[in-house]
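The values are calculated or read from the model by the stated rules, or taken from the named source; none is laboratory data. What you see is a predicted model; the values in this text were computed from it and never measured. Ideal geometry is used to build each Cβ from the backbone, glycine not excepted, and the neighbour counts take in all protein chains shown. Surface areas here come from the heavy atoms of the whole protein model, side chains and all, with no ligands, DNA or RNA. Shrake-Rupley method; radii C 1.70, N 1.55, O 1.52, S 1.80 Å.
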Amino acid sequence: MTLHLPSLDGATTWLNSAPLRSAELRGNVVLFDFGTLTCINWLRTQPYIRAWSRAYRDDGLIVIGVHTPEFAFEHDIDRVRRAVKERGIDYAVAVDNDYAVWSAFDNHYWPALYFVDTDGVIRDHHFGEGNYDRSERRIQQLLDVDRDLVSVQPSGIEAAADWPNLRTPETYLGDQRGAPSQWALDGKWTSRPEYVELDEARGTIAYRYHARDAHLVASPGTQGPVPFRVRLDGGAPGAAHGLDVDADGNGVLDDGRLYQLIRTPDAVRDRTLEITFLAAGARAYVFTFG
């Protein structure tokens, strides 16, 4: 069955572009990239999407990001705008707060790529991370170009996971999707559908995990910045601190986003992470690992 590019009219707003219509994209190869700003899997694909956009735009490739929020705070347009700027995204982004574009594509995944040919036909898709060489070759095939693949060297939060040593799955903390795992709360917390919220200062979340990287999607809630302290196996993380924590384990929840707590520089093994929030109001949504 031929699948034609559906309508984009349901996007609530557009960033980096005036609103785009499906009909006006005809004649170009179009790559649609579905993501949401806190998704570590989407973040790790971004160096490749940016590189393809820049490498093939003169050949007729149009990249369109579709930001479909997972959590309520991701509906905030200014927050999405900041994330687009931080990621160096210079192509059009459809803000899909009502899930209209997501539904039109019958999409179910972050991240998800859809490859559209010059006749407006969806010719291929890819869900999740990886298979970057195959995806780029598909772009080249649709553009009718043949050259060396672009060189991409991800770093920071966008660096690929240490897949051979990643044994701990993502873990949601709220009532809606939470499940028993190797984590525990200490202090006075209230469980909400999307998150757990700290009611009094100095509440702790402990997690026993096995991975190089440990991340937490969190926000300061409505009460302003929330300082926190991370301990790894009972002590300061030192050289294992993540991008959002110093060597002594100190950090601050300053916005709703993904925080990298730990990046282990040596051999990966079972570790115990403890994160203590020093003020009330912290909201913790999901742990992810890499």
- Item | segment 1-82 - percent of accessible surface contributed by carbon and sulfur, probe 1.4 Å | 48
- Averaged per residue, the 1.4 Å probe accessible area of segment 3-44, protein heavy atoms only, in Å², is roughly 38
- Message: Taking loop as defined by DSSP and a crowding limit of 15 other beta carbons within 10 Å, which trypsin sites (Lys or Arg not before Pro) in segment 133-222 fit?
- Response: ARG147, ARG167, ARG177, LYS188, ARG202
- Note on the structure: With a 1.4 angstrom probe the carbon and sulfur portion of accessible area for segment 158-233, in percent, totals 47
- Note on the structure: Length-normalised contact order of the chain, Cα under 8 Å, at least 6 apart, in percent, tallies to 19
- Task: Report the accessible area of HIS75, computed with a 1.4 Å probe over the heavy atoms of all protein chains in place, in Å² rounded to the nearest 10.
- Result: 70
- What order do ASP148, ASP117, ASP199 take when sorted by accessible area (1.4 Å probe), most exposed first? ASP148, ASP199, ASP117
- Could you check the simple spin-label distance between ARG54 and ASP186, using points 7 Å along Cα→Cβ, in nm with one decimal? 4.6
- Task: Could you please report the charge total around HIS210, scoring K, R as +1 and D, E as -1 over all other residues with beta-carbon less than 9 angstrom from its beta-carbon?
- Result: +3
- Message: Rolling a 1.4 angstrom probe over the protein chains, ignoring ligands and nucleic acids, what is the accessible area of SER181 in square angstrom, nearest 10?
- Response: 50
- If each K or R counts +1 and each D or E counts -1, the residues other than GLY235 whose Cβ falls under 13 Å of its Cβ total 0
- Task: With Rg/Rh (Cα atoms, Kirkwood Rh) in mind, check [x] 0.95; [y] 1.00; [z] 1.07 and report the label derived from this structure.
- Result: [y]
- Message: Please report the net charge: other residues with Cβ closer than 11 Å to the Cβ of ASP244, K and R +1, D and E -1.
- Response: -1
- Give the long-range amide H neighbours of THR168: residues separated by 5 or more places, or on another chain, with amide H under 5 Å away, using H modelled in the peptide plane at 1.01 Å from N. HIS210
- Once amide H atoms are placed 1.01 Å from N in the peptide plane, what residues at a sequence separation of 5 or more from TYR109, or on another chain, have their amide H within under 5 Å of its amide H? none
- Note on the structure: Result for segment 139-240: accessible area per residue, probe 1.4 angstrom, in square angstrom, of 52
- To the nearest 500 deg cm²/dmol, what mean residue ellipticity at 222 nm is calculated for the chain from DSSP H runs of n ≥ 4 alone, each contributing -39,500 (n - 2.57), summed and divided by the residues? -4500 deg cm²/dmol
- Message: How large is the accessible surface of THR204 in square angstrom, using a 1.4 angstrom probe and rounding to the nearest 10?
- Response: 20
